[in-house]
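The values are calculated or read from the model by the stated rules, or taken from the named source; none is laboratory data. Computed from a prediction, not measured in an experiment: that's the story for all the values here. Every residue, glycine as well, gets a Cβ built from its backbone with ideal geometry; the counts of neighbours run over all protein chains shown. Accessible surface is based on the protein model in full, side chains and every heavy atom, while ligands, DNA and RNA are left aside. Shrake-Rupley method; radii C 1.70, N 1.55, O 1.52, S 1.80 Å.
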Amino acid sequence: MTAKTTRENRPVLVLHKDLDAASDLCHRLNFIQYSAETRDSLDARELGNREFLAIIVDEQSFHEISADSRRGIQQLLQTTPTLVMTSAALRLPLRSAEQAPIWAVELPLKRARLAHLLSQAASSRGKPRLQRLTGNSFSIGKVRQLIEQVAGFDTNVLIGGESGTGKELVARTIHELSPRSDQAFVPINCGAIPADLLESELFGHEKGAFTGAVATRKGRFELAQGGTLFLDEIGDMPMPMQVKLLRVLQERSFQRIGSNTIRRCDVRIVAATHCNLRDAVANGEFREDLYYRLNVFPIDMPPLRKRLDDIPGLLSELVMGRADATRQLRLKPCALQLLASYDWPGNVRELANLVERLAILHPTGVVGAPDLPAKYHVNATNAIPLDDGPAPITTCALPADGLLLKDHLQQVERSLIDSALAQADGVVARAARLLHMRRTTLVEKLKLA
């Protein structure tokens, strides 16, 4: 594998006691243009100060690594994304937000899943948490840029956007990229809590402060001390509470209900709303001074209908993020065409609900256009043919200036091998049977790819 055809300068480290299985995995990695190295142990002295794109380890080896060996490469494990191959649900050790991600990859190993996670591993260096905002559209790119610009400051942020667009995800990303990331992120939905209880939820209360206050309780401002307080649906906050919130934001202090003690608060405020606060101010439903106090740095999340190009990536993220066999769920191009013609009033949340439904109905299958609910067919047009059948292998016209037949045939062969591996769920022997060739022949072709 030459440097020109390798996606990454950093190799993937494969740890597997079965050398044949490790070699087979390296062939697959080479086929999707990743260089790889194999080891049968986690010997820190052997690895030295090497840097790897990712570590791939089988479940048995992962559990059998000795404590001494694991401590020897503790820094490598904490800073390198790790993929653990498993045949069943695997309870992995939790990692803190500062450490590299760890994923379980269910067997049989699927090429698409492997490529997806390696792509995530490549993008996890430097700004891992920002990549949680899935999509390559211009609008979501602008949101990422704004997050990067404001995350390092304590500036108040107001996130606007329709319900289901991912406003809380933006708030969490801002927190995780900020110097406050080692402290708490505390959310509260201002519209879901009754007005007479909201003050207690925000500021806390002393024992006996009111009927039912049987014990002292900290409010969200205290729980978020040193961190970030996320005020979701701030536009639904009752007017009397808006006055009290404004005073806290101005003076950076508050009192629990039933207490005379003034408590200082060091909290960053990130608020979100689905409604137009300018109109609410004009209608006398929201305080103008509080609006300007919150709207120091506005970020608007675009609705899904304005970022339709992101649907395939969002679908992949939603499917891959599932913890069961439904990660095998796939959508045909014809189904994606229908989804791209839909208005998505529920935005990304509605898309997530659709994935949940399809995962129940087609847990390990391929979803075509007829499998989608009727409402997704409303805007379908006859101008775009929706063909669920397999694409036939056809001849093509020779270009006027000719072509290099050897290179063209290599491209065709590579495409057919890739399709066979995808259809065979990444199992080389099964793909070889589909192509009517020996497994060893296919392995040799993968080496040269």
(message) What figure, in Å² to the nearest 10, do you get for the accessible area of V157 with a 1.4 Å probe and non-protein molecules left out?
(response) 0
(message) Testing the spin-label approximation: label points 7 Å from Cα along Cα→Cβ at S137 and R438. State their distance in nm.
(response) 5.2
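Working out 0.36 nm times the residue gap between L246 and S23, then minus their Cα-Cα distance, what length gain in nm do you get to one decimal? Walk me through the numbers on the way to the answer.
On the way: separation 223, 0.36 × 223 = 80.28 nm, distance 6.31 nm.
Gain on stretching L246 to S23: 74.0 nm.
For the pairs K167/K306; K17/K332; K17/K445; K110/K142; K207/K244; K142/K244, note any where the Cα-Cα span goes beyond 27 Å.
Details: K167/K306 16 Å; K17/K332 37 Å; K17/K445 25 Å; K110/K142 33 Å; K207/K244 21 Å; K142/K244 34 Å.
Over 27 Å apart, Cα to Cα: K17/K332; K110/K142; K142/K244.
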